[in-house]
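A.B. asks: Encoded as structure tokens, here's the structure I'll be asking about.
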Amino acid sequence: MQPIHIIGGGLAGSEAAWQIANRGVPVVLHEMRPDQTTAAHKTGGLAELVCSNSFRSDDRDHNAVGLLHEEMRRLGSLVMRAGDANQVPAGGALAVDRDGFSQAVTAALASHPLVEINRGEIAALPPPSWDSVIVATGPLTSAPLAGEIRAVSGEDALAFFDAIAPIVHRDSIDMSVAWFQSRYDNAGPGGTGADYINCPLDRAQYEVFLDALLVGDCVAFHQWETATPYFDGCLPIEVMAGRGRETLRFGPMKPVGLTDPHRPGVKPHAVVQLRQDNRLGTLFNMVGFQTKLKHAEQVRIFRTIPGLERAEFARLGGLHRNTFLNSPKLLDGTLRLKAMPRLRFAGQITGCEGYVESAAIGLLAGRFAAAERRGEIPDVPPPTTAHGALLAHITGGHVETIDAGPRSFQPMNVNFGLFPPLAKSPNRGADGERLRGAPKAMAKRQALTSRALLDLDAWAARGTATEAAQAASLVPASEGASLPEPHPR
Ligand SMILES: Cc1cc2nc3c(=O)[nH]c(=O)nc-3n(C[C@H](O)[C@H](O)[C@H](O)COP(=O)(O)OP(=O)(O)OC[C@H]3O[C@@H](n4cnc5c(N)ncnc54)[C@H](O)[C@@H]3O)c2cc1C
């Protein structure tokens with residue numbers, strides 16, 4: 001059987017390779033690192049996490065990304081298996097040791113008999129003999145390939161900015177000022193209730209810190225970059241600060257759910273949280289402190305935070321321009337480029353945002369490509385599942401604007417707004433009491449996630465039955481084979 005080629009061994013490409021190989025189809029995974037690298041990657045490992053080490057909430061009942069975790073686990077995801085095996089304490093979030101995680105993904109793929117890993121940049125469109133290709137080159141796709149994709153897709157790729165937060169050596173943090181505690185002592189799935197390091201600021205310290213941020217020297221934009229937006233879920237800290245003097249106190253520096261054991265009677269005015277970054281617990285990253293301040297400015301300003309006066313930084317923050325496709329226009333319902341269906345896209349380049357979302361779209365692209373290779377018709381997941389909702393966002397496009405203006409497509413994390421509404425929202429609790437406010441919202445989320453997992457299991461079982469039926473006769477699909485229309489949004 002001809003192999004499926006994957007370009008890019010990041011979150012999406014690694015997951016796609018795993019899914020394909022586990023369906024009995026050979027894969028060649030092309031990764032340009034370590035020979036050639038990007039502005040954000042540091043190693044040659046597959047599935048390297050470029051910024052935070054968090055896969056975000058692991059609450060499968062009430063959180064859309066927690067639901068996506070659970071769906072991926074049920075679909076045999078390598079990224080989730082390696083993530084779970086390398087978990088570090090982070091309250092209700094699933095955070096991982098980034099090196100252990102990447103090494104686990106690399107080892108699993110390198111030892112799979114149907115996976116071949118080729119190191120080297122693919123600098124042009126793949127040759128016609130590669131009849132099935134997944135392009136998973138991410139937001140920092142190398143320039144020559146990005147140029148060719150732009151030419152074949154017939155329009156300029158879209159772009160936005162994403163930023164990185166600094167990482168601090170744990171032993172340089174003054175624990176006579178800072179303390180360990182998770183917000184509301186939430187132990188979460190793999191935590192202890194005391195997983196974050198907290199640095200408290202009183203009102204005067206907060207105001208001084210804010211003033212320093214607002215006038216801090218930032219890396220300048222190039223002329224051509226000035227019209228590029230930021231990703232709204234990951235604004236640089238100084239940009240957030242510029243939106244109002246209280247914005248940070250209601251955002252990453254909110255002081256709620258925390259008690260300073262050094263001064264139990266004094267409520268901090270603001271708090272900086274740091275989350276464990278490696279299994280050893282020697283590195284901690286500054287949560288929500290992504291920044292485009294110049295490096296010397298980061299050191300100067302962040303050392304004004306109580307507890308960080310002598311902080312040593314293992315990595316400083318930075319800003320990167322991300323590229324993505326206008327996917328609703330350019331891709332079909334199973335992520336193939338309409339203009340050249342032998343190319344399928346996966347990961348952040350399709351316009352999803354986040355490690356987990358990128359891996360989930362890699363998982364789907366891998367399954368679709370393997371099904372095609374096996375002569376099956378790829379089956380898209382129902383839009384009621386987190387996978388289906390995300391896919392519908394990418395291939396179906398962004399919601400209509402209320403003023404009937406032009407539709408815009410922007411990268412998005414998975415969220416409940418992407419799911420079709422419930423036929424009937426729960427309005428009574430288990431005891432028959434009328435639900436209002438937060439309990440009602442929680443019950444609604446629970447109903448959405450229960451529906452999703454039921455529908456996912458049915459979809460996965462359908463796929464397993466088809467795979468078993470097809471296992472004996474593997475027929476390669478031809479380029480441009482007829483495929484189902486994208487499912488309704
Ligand atoms: C600066 C920055 C910070 C981010 N921070 C976060 C964060 O904190 N949390 C979060 O959830 N998400 C974050 N993201 C978003 C995003 O989810 C990640 O970038 C994620 O890694 C995307 O997965 P991917 O597989 O699509 O791309 P990647 O993981 O980037 O993988 C793409 C791979 O393709 C390779 N490659 C590129 N071009 C070629 C080529 N021509 N030939 C061969 N190989 C090639 C690259 O070396 C890379 O290994 C951030 C993104 C950026 C750019």
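A.B. asks: Would you mind stating whether I167 is at pLDDT 85 or above, more than 10 Å from the ligand (Cβ to nearest atom) and among the β-branched types (V, I, T)? Lay out the reasoning, then the answer.
C.D. replies: On the way: at pLDDT 85 or above: yes; more than 10 Å from the ligand (Cβ to nearest atom): yes; among the β-branched types (V, I, T): yes.
Yes, satisfied.
A.B. asks: Ok, one more. Tell me yes or no: at least one residue of the stretch 183-196 is assigned to a loop (DSSP other than H, G, I, E, B) and in contact with a strand residue (DSSP E or B) (Cβ under 6 Å, 6 or more places away or on another chain).
C.D. replies: yes
A.B. asks: OK, next. Kindly evaluate E357 against the criterion of being charged (D, E, K, R) and open to solvent by less than 10 Å² (accessible area, probe 1.4 Å).
C.D. replies: yes
A.B. asks: So P144 passes all but one of these: (1) over 20 Å from the mean Cα position of the chain (by Cα); (2) of a type outside the set (A, V, I, L, M, F, W, C); (3) not in a helix (DSSP H, G or I). Which condition number does it fail?
C.D. replies: (3)
A.B. asks: Collect the residues in the stretch 419-467 that are assigned to a helix (DSSP H, G or I), modelled with pLDDT under 90 and either touching a strand residue (DSSP E or B) at 6+ places or on another chain (Cβ under 7 Å) or loosely packed, with under 11 Cβ neighbours inside 10 Å (or both), keeping them in residue-number order.
C.D. replies: The answer is G437, A438, T464, A465.
A.B. asks: Related question: If we scan the stretch 17-31, do we find a residue that is near the ligand (Cβ under 8 Å from one of its atoms) and either open to solvent by less than 10 Å² (accessible area, probe 1.4 Å) or of a type in the set (F, W, Y) (or both)?
C.D. replies: No, every residue in the stretch 17-31 fails to be near the ligand (Cβ under 8 Å from one of its atoms) and either open to solvent by less than 10 Å² (accessible area, probe 1.4 Å) or of a type in the set (F, W, Y) (or both).
A.B. asks: Just to be sure before I move on: is Q2 surrounded by fewer than 21 Cβ atoms within 10 Å (Cβ to Cβ) and either more than 14 Å from the ligand (Cβ to nearest atom) or basic (K, R) (or both) in the structure I sent?
C.D. replies: yes
A.B. asks: Which ones in the stretch 126-185 are among the acidic types (D, E) and within 30 Å of V28 (Cα to Cα)?
C.D. replies: Within the stretch 126-185, D131, E148, E155, D156, D162 qualify.
A.B. asks: Hey, another quick one. Mind checking which residues of the stretch 141-163 are modelled with pLDDT under 90, within 9 Å of the ligand (Cβ to nearest atom) and of a type outside the set (D, E, K, R)?
C.D. replies: Across the stretch 141-163, the qualifying residues are A143, A146, F161, A163.
A.B. asks: Just checking, how many residues over the stretch 423-442 are more than 26 Å from the chain's Cα centre (by Cα) and touching a residue at least 12 places away in the same chain (Cβ under 8 Å)?
C.D. replies: So the answer is 5.
A.B. asks: For the stretch 35-71, what are the residues that are part of a helix (DSSP H, G or I) and either within 10 Å of the ligand (Cβ to nearest atom) or surrounded by fewer than 24 Cβ atoms within 10 Å (Cβ to Cβ) (or both)? Before the answer, list the steps.
C.D. replies: Taking the stretch 35-71 and keeping what is part of a helix (DSSP H, G or I), we get 64-71.
Result: V65, E70.
A.B. asks: Are any of the residues in the stretch 323-344 among the small types (G, A, S), within 13 Å of the ligand (Cβ to nearest atom) and either touching a Lys or Arg at 6+ places or on another chain (Cβ under 6 Å) or in a strand (DSSP E or B) (or both)?
C.D. replies: no
A.B. asks: Take the residues in the stretch 103-117 that are small (G, A, S) and farther than 12 Å from A85 by Cβ; name whichever of them is least open to solvent (accessible area, probe 1.4 Å).
C.D. replies: A110
The values are calculated or read from the model by the stated rules, or taken from the named source; none is laboratory data. Every value quoted in this text rests on a predicted model; they were computed, and no experiment measured them. Reconstructed Cβ throughout: ideal geometry from the backbone, glycine too, with neighbour counts over all protein chains shown. The area values use the complete protein model at the heavy-atom level, side chains included, leaving out ligands, DNA and RNA. Shrake-Rupley method; radii C 1.70, N 1.55, O 1.52, S 1.80 Å.
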